[in-house]
Amino acid sequence: MLLLAPLLLHAQTPPTVLPGSLMQLQITQPAVDVASPVTATATFDPPVTQVGAKTFYRVTVDATESSIEWPEKIPAPLFLLPGAKTQGQVMQTVNGQVRPLTAFLYEVTPTTTGRFTIPEFKVRAYGQNVTIPAADLEVNSENAAPVTPPRQLVLEVSETNVFLGEPFRVRVMLPSSPANEIEALRETQLNGDGFITDKTATRQSVQTINYNGQLKPMFIFETTVTPIATGPLTISAQAFTAGREFSGQISITGQVVLPGGAARYVFLVSDPVAIKVRPLPSAGELPGFTGAIGKFIMDPPLLATNRLRVGEPVQLKVGFHGEGNLARFVPPEPPRDQRWQIIANRPQFTGYTLIPLTDEVQTTPAIPFSAFDPETGKYVDLTIPALPVTVTGEGLPVEITAFDEAKTNTPLKLSDLTMTTGKTATRLKPLQLQGWFIGVQLVPLIGFIALWQWDRRRRFLAAHPEIVRRRKAKRDLRREKIKLQQAVAAGEAAAFTQHAVNAMQIAVAPHFPAHPQALVCGDVLSLLKESERNRETVRKIFAAADSQFAITQPTQAHLLSLHSEVEAVLQQLEARL
Amino acid sequence: MTRPLEKYLAAGRATKSGRGLPQSMTLARWQCVLNFAKRLGLRQPSAALVVAFACLALNVTAGTNDFFAQGIEAARDGNFSDAAAAFQNSVKAQPSSGALVNLGIVEWRRGHAGAAVLAWEQARWLDPFDPWAMQNLKFARTAAQLDEPELRWFEVASTWLPPNLWVWLAGASLWLAVGALILPPVFRWKKSGSLQTLAALGFGIFLFTVTANLGVVSRTEIGFVLKKNVSLRLTPTSEGEVISTLTDGEPARKLRTRGNYFFIRTANGTGWIEQTQFGLINPD
């Protein structure tokens, strides 16, 4: 079964993807409707008002803001005195399609009673004429019955008298409707020059707060604003109501009633708020000021290790907390120091990377830093202090204190000079790599080979004893011949005879084999059959030798003359060995 | 012939006795050799021959001792440069674990961590049980945050004994085993179990020592970076791209040589390094 398993396996085939499907997968947003006929509305909010009371002339066009060619002046009666124009755009979802909605808002304060109409007029959107319908406003006298004030945003700032660069909180609030329904805000925007809005510090909530003397649920959009210009500034807010279309995180406190049905996008604005921005005082500025304004507290700086080597980086962790815009906190610039290389950690400031360039330093460099406290109006010193370190490298340490007290109490240290040479060698190169040592190792090898050869030869000679006998005979014959020569030279005939007999016996002994002394003349003669002269010489020599046992010994002086014949006999016998 | 030598020794003793320990040690050694030859009953030519050979051998050690003593004296005076030179000469004349340990100490004092680590490793190469070399290496690696060279298993085994002892042990065990097998039939000794046990034991020891000897040979390629911030290059040229920067005392293994460069493997990768910036345990 296991062997058959691979046959049952098939490669996975990817699903077929039709052309354009991938593109559709990537497009998750519904299409923007720009093809439908553009419609427009124009109303007064409220349509009935009093002389001197504020009302808004609101025009909405369901086209993109950039496509609408809005006239500089609208055809309004002069006594309506239209104020500053505010405009905004929101994207609304209609029948599954996104459709832009642009709103234009004019603040109007009528000065006379009566019924007024702003006639219809034409604007161009998407290159086509769009008719803005007429809008009627009824203005009553001041003594008439009170009318409902127009719906407006409420703008609240935490500070109205700030320093340049000092961030402050801004709250854009939308009070609940008369039916106590809370609506969300979309496309909230702060208008005005000389400040920047921190979009990363926004927060949305629904809270019940005291508004005009009564508790009222409100949708609150909160953000941080930083002034970048001095002098009197004006700030106002605008947004669209969006029903229950809450976007992003929101915290809701208390009981809230949400409107039902589709959202109604109504363009609202707030009354402007004046802000006074003062420049930072130049007197008393401390080193290391990077524009940090607020009440900051520095945590104790933390060094990763206080024992360093030259050129080795170490992390210095520095933390700040307190009141102020920490998100836009600019860390102090690292000072220039020839003995240290200092790099600020980016992008999020967590501290510095310090690299000692010499071992002469004993502390990390102090990094000057200061912040401006707007409450006291003074600069506060927040310099990162120097920390003690031990840097090694150029001059290396001779002792290190024990790190782990539990393991050992004895510090690591450099030993003293040793007074003895200790173990010596001729070279540091090991014998394994020296040629002569391999030669030395060949000596036992050669010895063993020689021993083996000797044993082999010995066994061969033991199997062939005639070789040994012949070799011994040759050796003994050589010795006897020398003695023979000496006897001839000395003129000693008896010795000559004896050595000649001995030599002949030795020369023929291996042929029998027998001890040389056991051989007689006949044995020698049996090997000398070719030359009669030599046989005669042998007989004479053996006869002379035997005569020594006779009662009267014959003179043997003449035998010395047989020296050459004896030599010839011996030569012949030796040749047969 | 011994008489002129005695005269020379006496003259040397008279004139140079106050010049310090090394010369006195040399003279004392020569005197010992002469007395030993006389005690053996050697006549004048034989004694002269013995003394001549002994002098040849002792001259080397005497020279080593001279440099060694000079190095200690200079180190005590705080003159570490001269001390280093003296210990280097001592090592050049005859490598010894003591001179290498002292050389490492004075190099460390001079701030040359790489040269110090190399000297102590060489001392441990000569004598794996040298306590001073081991202590100083441990200290240096802790202080300078250096790694030990990574050894393979057979290289670890090779550190249990001095390198030369391994090879002698291998030779002795091999020939002992061969002898135990060959000699009995040659000399017609009676077959015995003890001889066969001896042969088996010899072969066993030989096989083990082969791996240790392999480790010794392999360890000769280990070296240490001698200078600070040495560039490890992609090619063996001074314009080669720098792959990494090595610190002094960092261990590495030499793989091959080209021109004035070694191709080495370090913990940070492989690359080329100038030969002058890298010291091998076995510089031959």
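In table form, for the structure just shown:
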{"item": "Check on B:GLY202, under 30 Å from B:LEU181 (Cα atoms) and of a type outside the set (A, V, I, L, M, F, W, C)", "result": "yes"}
{"item": "Residue among A:ALA503, A:ALA473, A:ALA507, A:ALA463 that alone is under 30 Å from B:PHE187 (Cα atoms) and surrounded by 20 or more Cβ atoms within 10 Å (Cβ to Cβ)", "result": "A:ALA473"}
{"item": "Index of the failed condition, B:LYS190 passing every other in (1) crowded, with 19+ Cβ neighbours inside 10 Å; (2) charged (D, E, K, R); (3) more than 26 Å from B:ALA140 (Cα to Cα)", "result": "(1)"}
{"item": "Members of region B:109-125 found to be more than 20 Å from B:THR276 (Cβ to Cβ) and either at the interface with chain A (Cβ under 7 Å from one of its Cβ atoms) or among the polar types (S, T, N, Q) (or both), listed by number", "result": "B:TRP125"}
{"item": "Every pair of residues 6+ apart whose Cβ atoms lie under 9 Å, when the first sits in region B:244-259 and is under 16 Å from B:ARG219 (Cα atoms) while the second is among the acidic types (Asp, Glu) and part of a loop (DSSP other than H, G, I, E, B)", "result": "B:GLU250/B:ASP147; B:PRO251/B:ASP147; B:PRO251/B:GLU148; B:PRO251/B:GLU150; B:ARG253/B:GLU150; B:ARG253/B:GLU221; B:LYS254/B:GLU221; B:LEU255/B:GLU221"}
{"item": "Index of the failed condition, B:TRP153 passing every other in (1) among the aromatic types (Phe, Trp, Tyr); (2) surrounded by fewer than 22 Cβ atoms within 10 Å (Cβ to Cβ); (3) in contact (Cβ under 8 Å) with a residue 24 or more places away in the chain; (4) closer than 19 Å to B:SER218 by Cα", "result": "(3)"}
{"item": "Among the candidates A:VAL391, A:VAL380, A:VAL330, A:VAL361, residue that is part of a strand (DSSP E or B) and modelled with pLDDT under 85", "result": "A:VAL391"}
{"item": "Subset of region A:217-249 (residues that are surrounded by 14 or more Cβ atoms within 10 Å (Cβ to Cβ), at pLDDT below 85 and touching a strand residue (DSSP E or B) at 6+ places or on another chain (Cβ under 8 Å))", "result": "A:GLU245, A:PHE246"}
{"item": "Members of region B:258-275 that are among the hydroxyl-bearing types (Ser, Thr, Tyr) and modelled with pLDDT of 95 or more", "result": "B:TYR261"}
{"item": "Selected residue [among the acidic types (Asp, Glu), surrounded by fewer than 19 Cβ atoms within 10 Å (Cβ to Cβ) and within 26 Å of A:SER66 (Cβ to Cβ)] from A:GLU142, A:GLU187", "result": "A:GLU187"}
{"item": "Hits in region A:180-216 - residues which are over 29 Å from A:PRO100 (Cβ atoms), outside any strand (DSSP E or B) and touching a residue at least 40 places away in the same chain (Cβ under 8 Å)", "result": "A:ASN180, A:GLY194"}
{"item": "Which listed residue, of A:THR112, A:THR117, A:THR102, is assigned to a loop (DSSP other than H, G, I, E, B) and either farther than 28 Å from A:ASP33 by Cα or under 56 Å from the mean Cα position of the chain (by Cα) (or both)", "result": "A:THR112"}
{"item": "Yes/no for A:TYR57 being under 24 Å from A:ALA242 (Cβ atoms) and modelled with pLDDT of 85 or more", "result": "yes"}
{"item": "Candidate set: region B:267-284, residues that are surrounded by 19 or more Cβ atoms within 10 Å (Cβ to Cβ) and in a strand (DSSP E or B); chosen: the one nearest to the other protein chains (Cβ to nearest Cβ)", "result": "B:LEU280"}
{"item": "Residue check for A:SER36: assigned to a helix (DSSP H, G or I) and either at pLDDT 65 or above or in contact with a Phe, Trp or Tyr (Cβ under 8 Å, 6 or more places away or on another chain) (or both)", "result": "no"}
{"item": "Any chance B:ARG219 is touching a Lys or Arg at 6+ places or on another chain (Cβ under 9 Å) and farther than 27 Å from B:VAL178 by Cα", "result": "no"}
{"item": "Residue tally, condition closer than 17 Å to A:GLY422 by Cβ and more than 7 Å from chain A (Cβ to nearest Cβ), over region B:99-108", "result": "4"}
{"item": "Odd one out for A:TRP436 among (1) surrounded by 13 or more Cβ atoms within 10 Å (Cβ to Cβ); (2) under 30 Å from B:LEU100 (Cβ atoms); (3) not small (Gly, Ala, Ser)", "result": "(1)"}
{"item": "Test set (1) touching a Gly at 6+ places or on another chain (Cβ under 9 Å); (2) within 23 Å of A:GLY311 (Cβ to Cβ); (3) part of a helix (DSSP H, G or I) - B:ASN89 fails condition number", "result": "(2)"}
{"item": "Residue in region B:173-189 that is in contact (Cβ under 8 Å) with a residue 12 or more places away in the chain, outside any helix (DSSP H, G or I) and either farther than 18 Å from B:LEU226 by Cα or assigned by TED's automatic domain parsing to the domain that holds B:PHE67 (or both) present", "result": "no"}
{"item": "Residues within region B:67-86 that are part of a helix (DSSP H, G or I) and either surrounded by fewer than 17 Cβ atoms within 10 Å (Cβ to Cβ) or acidic (Asp, Glu) (or both), tallied", "result": "4"}
{"item": "Selection within region A:343-398 - among the polar types (S, T, N, Q) and in contact (Cβ under 8 Å) with a residue 60 or more places away in the chain", "result": "A:THR364, A:SER370, A:THR383, A:THR390, A:THR392"}
{"item": "Among the candidates B:LEU174, B:LEU146, B:LEU137, B:LEU165, residue that is modelled with pLDDT under 90 and within 12 Å of chain A (Cβ to nearest Cβ)", "result": "B:LEU146"}
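For every residue, the table says whether it meets (1) of a type in the set (Phe, Trp, Tyr); (2) loosely packed, with under 13 Cβ neighbours inside 10 Å; (3) out of contact with any Ser or Thr (no Cβ under 7 Å at 6 or more places or on another chain).
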| position | (1), (2), (3) |
| --- | --- |
| A:GLY52 | no, yes, no |
| A:ARG58 | no, no, no |
| A:VAL61 | no, no, no |
| A:SER66 | no, yes, yes |
| A:GLU72 | no, yes, yes |
| A:PRO77 | no, no, yes |
| A:ALA84 | no, yes, yes |
| A:THR93 | no, no, yes |
| A:GLN97 | no, no, yes |
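The values are calculated or read from the model by the stated rules, or taken from the named source; none is laboratory data. Just so it is clear, the structure is predicted and the values come from calculations on it, not from any experiment. Neighbour counts are summed over all protein chains in view; Cβ atoms, including those assigned to glycine, are modelled from backbone coordinates with ideal geometry.
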